[in-house]
Amino acid sequence: MKKRLIDAAMDRAAADFVIKNGFIADVFTGRFLQCDVLIKDGKICGIGEYDCANIIDASGKYILPGFIDSHLHIESSMVTPPQYAKVVMPHGVTTVIADPHEIANVCGKNGLDFMKKSSEGLPLDIYYMLPSCVPATAFEHSGAALTAADTRELADSFFGIGEMMNYPGVVSGDEQTLAKLIGSNIDGHAPGLSGRRLDAYVCAGIKTDHECSNVNEMLEKISKGMYVSIREGTLSKDLSRLIHGVNQHTYRSCTFCTDDRFIGEIIRDGSIDYMVKRSVALGVDPIMAVSIASLNAARCYGLNDRGAIAPGYNADLLIVNNLHDFKVEAVFKNGIKTAENGTALFDVPECDTGSVTDTVHLDTVTPEFFDHDTPDEFTAIELTPDSIITKKVTAHKGDTLSKVCVIERHHNTGNKGFGYVRNYDIKNGAIAASIGHDSHNVIVIGDNDNDMAAAVNALGKSGGICVASGGETKARLELEIAGLMTNKNADYVTDEHDKLIEAARSLGVNEAADPLLSLAFLPLPVIPEIRITDSGLFDVTEFRFIDRERTIYYGN
């Protein structure tokens with residue numbers, strides 16, 4: 001291979017093709033240069049002035065390294081890895097760092113095996129991290145518990161360790177938690193962690209964080225040697241805040257990620273390409289934005305064969321129209337054109353889903369299932385626009401609130417918990433889903449018990465999302481894979497999702513809230529520090545928390 005590249009560079013052998021007359025992004029020196037890019041055997045073998053029988057003319061256009069999404073959960077797109085690849089590659093993403101902990105929470109090792117197997121043979125490089133914070137009970141489905149010993153056994157078959165959400169365990173020095181932190185690629189998840197606690201967290205070998213909520217938090221984490229992954233998901237939109245912390249000194253410690261981004265939003269608005277465009281619009285130097293989207297992520301994860309346009313690097317390249325729109329006109333992966341003008345140039349097979357279906361184990365529920373008395377005063381959740389962060393507020397009987405119930409769906413125990421939400425505002429209906437981070441129990445929100453029962457029952461054994469009103473299903477998206485994804489194509493999912501949104505809005509759901517993702521993140525576990533109030537509701541000092549076994553639910 002090396003000699004073939006050398007011979008092509010020295011014009012002793014024919015190259016495969018050359019891209020001529022474009023401006024390349026030199027992410028090493030921070031400038032754009034007009035020169036040719038010579039490609040041989042999927043590698044870049046020359047930068048300068050070259051001739052070749054096969055010429056791609058990029059006159060007046062810009063040649064960029066392939067974009068890298070530094071942290072995401074493909075499950076949150078609601079489609080399988082092959083369908084995800086067909087959508088994201090036309091937006092210039094050629095490599096992703098994926099954490100499959102959502103499906104692992106439901107299907108254990110079967111879920112991990114499904115994600116890896118369904119990604120084989122794709123032009124998109126998917127590097128899977130081994131989830132670090134999956135409840136041991138999730139692995140009972142495959143006959144194993146995800147202990148520290150199991151982590152050590154599985155770690156060699158993964159790219160690294162996925163986001164360590166149990167930062168209290170790390171900071172307290174819990175031996176079982178620390179034993180899971182193996183290798184050099186360990187992702188973090190540490191919202192609000194600062195001072196000594198952050199020092200301790202970094203000492204554990206954790207090198208990234210995607211949970212910064214403001215520039216001060218971002219700068220402290222960068223100053224302590226971490227990479228900050230600036231996130232722009234469907235619900236958590238951090239870019240417009242954090243981009244103001246990007247300057248000539250800090251940008252090398254930044255990457256871009258989408259974390260949880262619905263496939264329809266990628267189709268309409270983009271992925272990492274959107275973040276590059278938006279960053280430049282907010283005042284970031286274009287070469288810095290491109291570097292954050294490519295070289296920085298490659299260096300963060302030790303991917304030394306990509307992230308730049310230079311001899312010996314993978315020919316993962318984009319041709320974009322200009323440095324304002326960043327419209328991706330062509331995508332090359334390992335020297336093969338995989339997308340052009342927004343269309344993928346490859347086909348993908350359907351996935352074998354036999355090991356990850358029929359995961360909703362619930363009996364038919366009646367309206368009486370949702371009977372629940374509230375005290376005169378209790379804790380409720382207040383939604384925050386464009387964020388998974390919520391507020392803990394005091395509510396009173398008679399306030400206009402939306403009723404929430406979380407139902408354990410993995411073992412059909414009948415366990416349930418109740419909560420109340422301000423600023424969701426649903427009227428004359430209910431919405432149920434089998435997506436409820438991170439345990440993914442069934443969650444339903446509504447203003448009457450009849451529709452709550454109808455929505456839950458409509459999920460069946462396959463799961464998904466349902467909007468019900470008047471006892472009837474108004475819209476439903478089946479997510480037969482772990483109750484999280486479907487084998488259907490992205491256009492179908494987007495169309496059905498649009499119908500869900502339209503149905504939810506017809507029930508008065510707050511325009512400032514995403515009616516589906518807001519619901520999905522309400523059960524998100526953060527810190528398991530709980531107590532039972534005199535009223536029988538559960539309360540917490542800092543964050544909400546769902547216990548997989550007891551299905552505890554309460555406000556933040």
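Per-structure values
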{"quantity": "Of all residues making up the range 372-410, the number that are touching a residue at least 24 places away in the same chain (Cβ under 8 Å), within 24 Å of residue 451 (Cβ to Cβ) and charged (D, E, K, R)", "calculated": "4"}
{"quantity": "Residues within the range 176-223 that are closer than 20 Å to residue 250 by Cα, touching a Leu at 6+ places or on another chain (Cβ under 9 Å) and among the small types (Gly, Ala, Ser), tallied", "calculated": "2"}
{"quantity": "Strands (runs of 3 or more DSSP E) within the range 11-80 that include 1 or more residues among the acidic types (Asp, Glu) and in contact (Cβ under 8 Å) with a residue 24 or more places away in the chain", "calculated": "23-26, 55-57, 67-72"}
{"quantity": "Filter result (closer than 21 Å to residue 62 by Cβ and under 15 Å from the mean Cα position of the chain (by Cα)) within the range 252-273", "calculated": "255, 256, 270, 271, 272"}
{"quantity": "Verdict on residue 421 being of a type in the set (Val, Ile, Thr), in contact with a Lys or Arg (Cβ under 9 Å, 6 or more places away or on another chain), part of a strand (DSSP E or B) and buried (at least 23 other Cβ atoms within 10 Å of the Cβ)", "calculated": "yes"}
{"quantity": "Any chance residue 184 is under 22 Å from the mean Cα position of the chain (by Cα) and among the hydroxyl-bearing types (Ser, Thr, Tyr)", "calculated": "yes"}
{"quantity": "Odd one out for residue 348 among (1) within 26 Å of the chain's Cα centre (by Cα); (2) buried (at least 22 other Cβ atoms within 10 Å of the Cβ); (3) over 25 Å from residue 230 (Cβ atoms)", "calculated": "(2)"}
{"quantity": "Residues (acidic (Asp, Glu) and part of a loop (DSSP other than H, G, I, E, B)) located in the range 328-380", "calculated": "347, 350, 352, 358, 363, 371, 373, 376"}
{"quantity": "Residue match in the range 388-403 (condition: assigned to a loop (DSSP other than H, G, I, E, B), at pLDDT 90 or above, β-branched (Val, Ile, Thr) and closer than 30 Å to residue 108 by Cβ)", "calculated": "no"}
{"quantity": "The range 249-279 - residue that is of a type in the set (Val, Ile, Thr) and surrounded by fewer than 20 Cβ atoms within 10 Å (Cβ to Cβ) and, of those, nearest to residue 76 (Cα to Cα)", "calculated": "267"}
{"quantity": "Matching strands (runs of 3 or more DSSP E) fully within the range 438-532 where at least 1 residues are of a type in the set (S, T, N, Q)", "calculated": "464-469, 472-478"}
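The values are calculated or read from the model by the stated rules, or taken from the named source; none is laboratory data. Keep in mind that this is a model prediction, so the values were computed, not measured. In this analysis, Cβ positions are derived from the backbone assuming ideal geometry, glycine residues included, and neighbour counts consider all displayed protein chains.
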